[in-house]
Amino acid sequence: MKIAIEVFSIVIAITLACVLFTSIISSNNQNCYARDYYNVVVNRIEDSNYSDQVINECKSDAESKGYDLNVEDVTVYEDQPSKYVTLTYYVSLPVFSLFGTDYSKQAVIEGYAR
């Protein structure tokens, strides 16, 4: 009987660890997707020579994906244009939604398109 209780306890502990690690991996994937999208946006802005039309397309695309994209003009010299690009998104931990609470935290990626 003692062995059955120990085995059952170990199985419960392993199950909880798997759920926790899966949640951590999921939140890390959300960060990776946002970072990849940010790099795509910066590359599109740079490749379009800072076109307002491309910036507006990127903003609407970011909004449809659940991100908030802000692009500010910080050009100092006319021959070297520069934009300050900020991507705001929310990272959620799915393990908390199992218990009825939705826990999410705002994250920001900032940088320049030059």
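General remarks:
- The chain - percent relative contact order, Cα under 8 Å, separation 6 or more: 23 percent
- Distance from the range 76-97 to the range 2-47 (C-alpha centre basis), Å: 22 Å
- All C-alpha pair distances within the range 1-49, sorted into 5 Å bins from zero, spread as 4, 19, 11, 11, 11, 8, 9, 7, 6, 5, 4, 3, 2, 1, 0 percent across the bins.
- Debye intensity ratio I(q)/I(0), log10, the chain, q values 0.11 Å⁻¹ (C-alpha model): -0.51
- Fraction of accessible area attributable to carbon and sulfur, the chain (%, probe 1.4 Å): 56 percent
- Separation in nanometres of the label points that stand 7 Å from Cα toward Cβ, at residue 18 and residue 43: 3.7 nm
- If a spin label sat at a point 7 angstrom from the Cα of residue 8 along the line to its beta carbon, no backbone N atom of the range 66-100 would be nearer than 20 Å.
- Between helix 2-47 and the chain there is an angle of about 0 degrees, using the helix long axis and the longest principal axis of the Cα atoms.
- Loop-located chymotrypsin sites (Phe, Trp or Tyr not before Pro) in the range 31-114, at most 14 other Cβ atoms within 10 Å (DSSP): 99, 103
- Residue-normalised accessible area of the range 32-114, given per residue in Å² at a 1.4 Å probe: 67 Å²
- Estimated from helical segments only, the mean residue ellipticity of the chain at 222 nm is -19000 deg cm²/dmol, where each DSSP H run of four or more residues counts as -39500 (n - 2.57).
The values are calculated or read from the model by the stated rules, or taken from the named source; none is laboratory data. Nothing here was measured: the structure is a model prediction, and the numbers come from that model. Methodologically, a virtual Cβ is constructed for each residue, glycine included, from the backbone with ideal geometry; neighbour enumeration extends over all protein chains shown. Just so you know, the surface numbers come from the protein's heavy atoms only, side chains and all, with ligands and any DNA or RNA stripped out. Shrake-Rupley method; radii C 1.70, N 1.55, O 1.52, S 1.80 Å.
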